[in-house]
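The values are calculated or read from the model by the stated rules, or taken from the named source; none is laboratory data. Treat the numbers as computed from the prediction; the structure is a model and nothing was measured. Heads up, the Cβs are rebuilt from the backbone with ideal geometry, glycines too, and the neighbour counts pull from every protein chain shown.
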Amino acid sequence: MWRAIEKYGVVFVRFYLGGFNLIGGLDYFIRFWPQPHIAQSTGNDYVMISMQLGLFQFAKVLEILGGASLVFNRFVPLGLVILMPVTVNIFLINAFWSPFPHIIYSTTRNFVFHVILLAAYANYYYPMLKFRTAPQPVWRDPSRIWKSF
Amino acid sequence: MITFNFAIDGVVDMMSINPLEMSNFEATGAIFGVAGVILTLLWNHYVAPRKQQLPHVFIAQETEEDALD
């Protein structure tokens with residue numbers, strides 16, 4: 001029973017985070033819903049500056065790519081890494097600065113979901129936990145890329 | 001003031017931390033999540049399990065060749 005809850009819990013979290021980010025990213029370019037209300041806060045200044053720098057648009061592209069990878073269950077560990085900067089930034093600028101409890105709750109939940117997924121797919125990240133490493137450049141044997149598929 | 005209000009009125013109460021009080025994006029996430037679980041349940045029931053890819057494990061020779069030091 002516990003194994004089923006664990007398995008389908010991870011499935012739910014993957015689809016939730018994927019759907020949230022995929023639709024959030026697409027909505028920025030297609031505008032089928034109004035953009036989220038931005039409150040006056042220090043975090044809002046950060047959003048405004050990132051829009052002027054084009055970082056916000058870039059983040060939305062990452063949301064589409066990462067969200068699609070989670071929803072379609074393809075390259076999920078890579079999708080989680082792509083989405084991580086977006087999730088962390090949204091969490092940091094809202095959880096500590098937003099005047100709205102709903103936004104604080106929502107961004108914190110997404111951050112927790114992201115951490116749960118990283119933990120669920122941890123076996124793909126263990127190779128990064130090597131203490132002493134030797135570079136093995138991709139240009140010496142590019143075929144390793146498609147061998148990894 | 002934090003509340004636990006919930007109403008189906010098409011407006012998000014920004015002061016509410018009720019999980020059912022959802023924005024469009026949160027509702028989309030919830031719909032995707034529930035639909036995903038149902039689809040996965042049906043998929044596991046009706047479709048033969050396919051082999052999934054576990055992380056690539058490098059053997060010693062593979063790790064040593066082409067290494068810079």
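Does at least one position in the stretch B:57-69 carry a residue that is assigned to a loop (DSSP other than H, G, I, E, B) and either within 19 Å of A:ILE104 (Cβ to Cβ) or touching an Asp or Glu at 6+ places or on another chain (Cβ under 9 Å) (or both)?
Taking every residue of the stretch B:57-69 in turn, at least one turns out to be assigned to a loop (DSSP other than H, G, I, E, B) and either within 19 Å of A:ILE104 (Cβ to Cβ) or touching an Asp or Glu at 6+ places or on another chain (Cβ under 9 Å) (or both).
Of everything in the stretch B:13-36, what is surrounded by fewer than 18 Cβ atoms within 10 Å (Cβ to Cβ), modelled with pLDDT under 95 and outside any loop (DSSP other than H, G, I, E, B)? Give them in sequence order.
B:ASN24, B:ALA27
Within the stretch B:1-30, restricting attention to residues that are among the aliphatic types (A, V, I, L, M) and facing chain A (nearest Cβ under 7 Å), which residue is farthest from A:LEU70 (Cα to Cα)?
B:ILE2
Among (1) touching a residue at least 40 places away in the same chain (Cβ under 8 Å); (2) more than 14 Å from A:LEU117 (Cα to Cα); (3) under 10 Å from the mean Cα position of the chain (by Cα), which single condition is A:LEU62 missing?
(1)
From the list A:TYR126, A:TYR121, exactly one residue is of a type outside the set (Gly, Ala, Ser), within 30 Å of B:THR63 (Cα to Cα), within 11 Å of chain B (Cβ to nearest Cβ) and under 16 Å from the mean Cα position of the chain (by Cα). Which is it?
A:TYR121
Going by what's in this entry, would A:TYR105 be described as under 30 Å from B:PHE4 (Cβ atoms) and at the interface with chain B (Cβ under 8 Å from one of its Cβ atoms)?
Taking the combined requirement at face value, the residue satisfies it.
Do we find a residue being more than 10 Å from chain B (Cβ to nearest Cβ) and either surrounded by fewer than 15 Cβ atoms within 10 Å (Cβ to Cβ) or of a type outside the set (A, V, I, L, M) (or both) anywhere in the stretch A:7-24?
no
For A:ASN73, state whether it is part of a loop (DSSP other than H, G, I, E, B) and either within 14 Å of A:ARG14 (Cα to Cα) or of a type in the set (Asp, Glu) (or both).
Yes.
May I ask you to list the residues in the stretch A:95-120 that are outside any helix (DSSP H, G or I) and crowded, with 17+ Cβ neighbours inside 10 Å?
Of everything in the stretch A:95-120, those that are outside any helix (DSSP H, G or I) and crowded, with 17+ Cβ neighbours inside 10 Å turn out to be A:SER98, A:PHE100.
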